[in-house]
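What follows is a single structure, written as structure tokens, with notes after it.
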Amino acid sequence: MIDIEKNVRTYLGDRSPLERASSFDYCFNYFQAFRDRTATSEISARQYLELSCLHLGYYLASWGMLRGSTVLHTKSYRFFETVVGVIVGDRRRRLQR
């Protein structure tokens, strides 16, 4: 029989909340909290939009997606507003210039 708990512990190893791999957990947990409350539309609401963009942007940055070889390193957190809109299914949200 497969010991799933043991395999998960082995996979996670000495994972620390300070390590880069944890940035996924923070980002996932932020967005998942809205889903758990069946409030995904709030992710792009005015009071959460900035934080939503920052969570997404920091996750991408921690994995090197904002390096100099990409266009993303020239953008602010507001660049991710359209992406956040897509996440919640609000295709009307567009970056205001």
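Given a Förster distance of 30 Å, report the FRET efficiency between ILE2 and ASP25 from their Cβ-Cβ distance, rounded to the nearest 0.05. Provide the component values of the computation, followed by the final result.
Working: r = 24 Å, r/R0 = 0.80.
E between ILE2 and ASP25, to the nearest 0.05, is 0.80.
Suppose all protein chains stay in the model; what accessible area per residue would a 1.4 Å probe give for the chain, in Å²? Please report the intermediate quantities before stating the final value.
Details: 7570 Å² over 97 residues.
Value for the chain: 78 Å² per residue.
Suppose every Lys and Arg Cβ carries +1 and every Asp and Glu Cβ carries -1, with no other charges. What dipole size does the chain come out with about its Cα centre, to the nearest 20 debye? Write out the running numbers ahead of the final one.
Working: 15 positive and 10 negative charges, 119 e Å.
With Lys and Arg at +1 and Asp and Glu at -1, about 580 debye.
How many nm separate the modelled label positions at THR74 and TYR11, each set 7 Å beyond the Cα in the direction of the Cβ?
So the label points at THR74 and TYR11 sit 3.9 nm apart.
In degrees between 0 and 90, to the nearest 10, how far off the longest principal axis of the chain does helix 46-62 point, with axes built from Cα atoms?
Roughly 50 degrees, rounded to the nearest 10.
Which of these values of Rg/Rh (Cα atoms, Kirkwood Rh) was calculated from the structure shown: (1) 1.03; (2) 0.96; (3) 1.07?
(3)
Hey, if you put +1 on the Cβ of every Lys and Arg and -1 on every Asp and Glu Cβ in the chain, which of THR74, LEU12, TYR26 ends up farthest toward the positive end of that dipole?
Checked the options; the winner is THR74.
List the trypsin sites (Lys or Arg not before Pro) in segment 1-34 that DSSP assigns to loop (not H, G, I, E or B) and whose Cβ has at most 12 other Cβ atoms within 10 Å. Which are they?
Numbers: sites: LYS6, ARG9, ARG15, ARG20; in loops: ARG15, ARG20.
Taking segment 1-34 and a limit of 12 other Cβ atoms within 10 Å, the loop trypsin sites (Lys or Arg not before Pro) found are ARG15, ARG20.
Angle, helix 22-36 long axis vs. longest principal axis of the chain, Cα atoms, 0 to 90°, nearest 10?
70
Hey, if you put +1 on the Cβ of every Lys and Arg and -1 on every Asp and Glu Cβ in the chain, which of VAL84, ILE2, GLY64 ends up farthest toward the positive end of that dipole?
The one lying farthest along the dipole's positive direction is VAL84.
The values are calculated or read from the model by the stated rules, or taken from the named source; none is laboratory data. No experiment lies behind these values; they were computed from the predicted model shown. All Cβ positions, even for glycine, are placed from backbone atoms using ideal geometry, and neighbour counts span all protein chains on display. When the accessible area is computed, the model is the full protein with side chains, heavy atoms only, and any ligands, DNA or RNA have been set aside. Shrake-Rupley method; radii C 1.70, N 1.55, O 1.52, S 1.80 Å.
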